[in-house]
1. Find how much the distance from HIS76 to LEU39 grows on full extension, using 0.36 nm per residue of separation minus their present alpha carbon separation; answer in nm with one decimal.
2. Taking R0 as 35 Å, what FRET efficiency do you get between GLU101 and ALA141 from their Cβ-Cβ distance, rounded to the nearest 0.05?
3. By its C-alpha gyration tensor, with a ≥ b ≥ c as the square roots of the eigenvalues, how is the range 81-124 shaped: rounded for a/c under 1.5, else prolate for a/b larger than b/c, else oblate?
4. Output the relative contact order of the range 62-155, whole-number percent, from Cα pairs under 8 angstrom with separation of 6+ residues.
5. Of the peptides 104-110, 72-78, how do they stack up when ordered by the mean number of other Cβ atoms within 10 Å, highest first?
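We did not get these values from a lab; they are worked out from the coordinates using the rules stated. The structure displayed is predicted, hence computed values, not measured ones. Cβ coordinates were reconstructed from backbone atoms using ideal geometry, including for glycine residues, and neighbour counts include every protein chain displayed.
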Amino acid sequence: MISQSIATEPDGVATANQPAPDPFDTDLSFDRWLHDTQLARNAAVRELADDEEKSEMYIGSFPGSNCEITFEGVLHFDGYSIGDISSPDGTLVLTKRGRIEADINVRVAVINGSVTGDITASERVVLESEARVTGQIYTPALSVRLGAIFDGECIFSVIGDSRGVAESSAENRSNEFEDLRVAVGA
């Protein structure tokens, strides 16, 4: 191996008594990478410790698993499922790679993937820009981002109504007609 006898000091002055760095020596790059990785890992560990009180669960299922999922807290779903998903007080976050072919019954649904089935959310549904939903949505509040595709109907309900969404809206319509008949005098 041939080494040059001229090296450069940090201030840019050349010296003749130090060998030039080997361009194929990866020790310095590796040490820098290892240091950066350890810093990132320590930051992630600190972040996990801060988030310990949150109840989040990440789950994925295999194609054709046909499992029914019941959960509490927040469920980040990044997979494929053809089984119903329910959590009366939970939040479902369907990532853009996630795909569900079943009914969903939750408090909050944030959809960024594909859903074929009915979504019932007692608080709200958010369709993000990558969302593809085919089916009915039953909720008191719906937010649709630019780019989302929704093929179906949305039936809005009253927040806090303990009855089924479809039942309460059908009953409200019949009460409205009854009020009209009374007002007309029929």
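1. The HIS76-LEU39 span can extend by a further 10.7 nm.
2. FRET efficiency, GLU101 to ALA141: 0.90.
3. Cα axes put the range 81-124 in the oblate bin.
4. Value for the range 62-155: 18 percent.
5. The densest-packed peptide leads the list: 104-110, 72-78.
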